[in-house]
Amino acid sequence: GESVGLHLPTLSVQEGDNSIINCAYSNSASDYFIWYKQESGKGPQFIIDIRSNMDKRQGQRVTVLLNKTVKHLSLQIAATQPGDSAVYFCAEKYKGGKLIFGQGTELSVKP
Amino acid sequence: DAMVIQNPRYQVTQFGKPVTLSCSQTLNHNVMYWYQQKSSQAPKLLFHYYDKDFNNEADTPDNFQSRRPNTSFCFLDIRSPGLGDTAMYLCATAEPGLSPDTQYFGPGTRLTVL
């Protein structure tokens, strides 16, 4: 049968709190980064992106921070809602090439 | 609405019985991708088409094949499915030069091999 699945890191937050999801990327030459949200039974959806010449980008209720020195990316979600419950993946791109996905973090929002 | 459509959403097949998954897009994007996603794991790229040019990932088993008869459609053929091929199969599209430079994913086909 299917190989035993890995256990995703899980973040559990209370509704209304802020969430911070972290990601370490692998290639120091990657120049473009994306956060995706994947709800159960659905494909990944684009949330926000950032280029390597930036260290912060804000969207609606979401902020992405990029630290190239330590190859670290984070996604901050303000006032987390039950609808934010999903698995979140970071992905990196090098020179317009293919996406390389990070491990994923499961966000669980308690009402 | 422009979108990526995958059929069927759920597919059950028997060990060794060939299966074909389909993907269509109304985005008119040049690039189409197939990913395999196993439980609690990140999507894993199998191959992609840049227009008609096929690009296979080095570790994609020979058991997996793909066809892209036109811009809108792309198929994933699994010639002799094994139990380990049970997974979600995701199709995605992209168009170089667009902003954001992202891939647009379909809802996936959940394949179960018995």
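Of note:
- Pairwise label distance in nanometres, A:R61 with B:L27, each label 7 Å out on the Cα-Cβ vector: 2.3
- Positive-end extreme of charge dipole, chain B - chosen from B:M32, B:V12, B:F64 (charges on Cβ): B:V12
- About the Cα centre, charge dipole magnitude for chain B (Lys/Arg +1, Asp/Glu -1 at Cβ), debye: 420
- Under-5 Å amide H pairs with B:L46, H placed in peptide plane, nonlocal only: B:W34, B:Y35, B:Q36
- Eigenvalues of the alpha-carbon gyration tensor of the protein assembly as shown, scaled by 5 and square-rooted, set the equivalent ellipsoid semi-axes at 30, 21, 16 angstrom, largest first.
- Here chain A is treated with +1 on each Lys and Arg Cβ and -1 on each Asp and Glu Cβ, and its dipole about the Cα centre works out to around 420 debye.
- Of all DSSP beta bridges in the protein assembly as shown, antiparallel share, percent nearest 5: 90
- Here the Karplus relation 6.51 cos²θ - 1.76 cosθ + 1.60, evaluated at θ = phi - 60°, turns the backbone of segment B:82-96 into coupling constants of x, 4, x, 8, 4, 5, 8, 10, 10, 9, 9, 10, 7, 10, x Hz, with x for every Gly and Pro.
- Rounded percent of accessible protein surface that carbon and sulfur make up, segment A:11-110, 1.4 Å probe: 45
- Per residue value of the accessible surface for segment B:4-109 (all protein chains in place, 1.4 Å probe), Å²: 46
- List of segment A:37-55 residues, accessible area with partners at least 30 Å² below that of the chain alone (1.4 Å probe): A:Q38, A:G41, A:G43, A:P44, A:F46
- Per the Kirkwood formula applied to alpha carbons, segment B:4-109 shows a radius of gyration over Rh ratio, Rg over Rh, of 0.95.
- Between the residues A:N53, A:S108, A:G16, the greatest Cα displacement towards the positive end of the dipole of segment A:11-110, with unit charges on the Cβ of Lys, Arg, Asp and Glu, is found for A:N53.
- Separation in nanometres of the label points that stand 7 Å from Cα toward Cβ, at A:A79 and B:F75: 5.0
- Comparing the full protein assembly with the isolated chain, the residues of segment B:96-114 losing at least 30 square angstrom of accessible surface (1.4 Å probe) are B:P100, B:D101, B:T102, B:Q103, B:F105.
- With θ taken as phi - 60° and the Karplus curve 6.51 cos²θ - 1.76 cosθ + 1.60 applied, the whole-hertz 3J(HN,Hα) list for segment B:31-36 is 10, 10, 10, 10, 10, 10 Hz, x standing for glycine and proline.
- Scaled radius of gyration (Cα, divided by 2.2 N^0.38 Å) that segment A:11-110 gives: 1.03
- 14 Å reach of a label modelled at B:D53, 7 Å along Cα-to-Cβ, counting backbone N of segment B:17-39: B:30-32
- Segment A:1-64 shape via C-alpha gyration tensor axes, a/c threshold 1.5: oblate
- Karplus-derived HN-Hα couplings along segment A:62-74 (A = 6.51, B = -1.76, C = 1.60, θ = phi - 60°), whole Hz, x at Gly and Pro: 10, 9, 10, 10, 10, 10, 6, 4, 10, 6, 10, 10, 9
The values are calculated or read from the model by the stated rules, or taken from the named source; none is laboratory data. The structure presented is a predicted model; accordingly, all values stated were derived computationally and were not measured. Ideal geometry is used to build each Cβ from the backbone, glycine not excepted, and the neighbour counts take in all protein chains shown. Accessible surface is based on the protein model in full, side chains and every heavy atom, while ligands, DNA and RNA are left aside. Shrake-Rupley method; radii C 1.70, N 1.55, O 1.52, S 1.80 Å.
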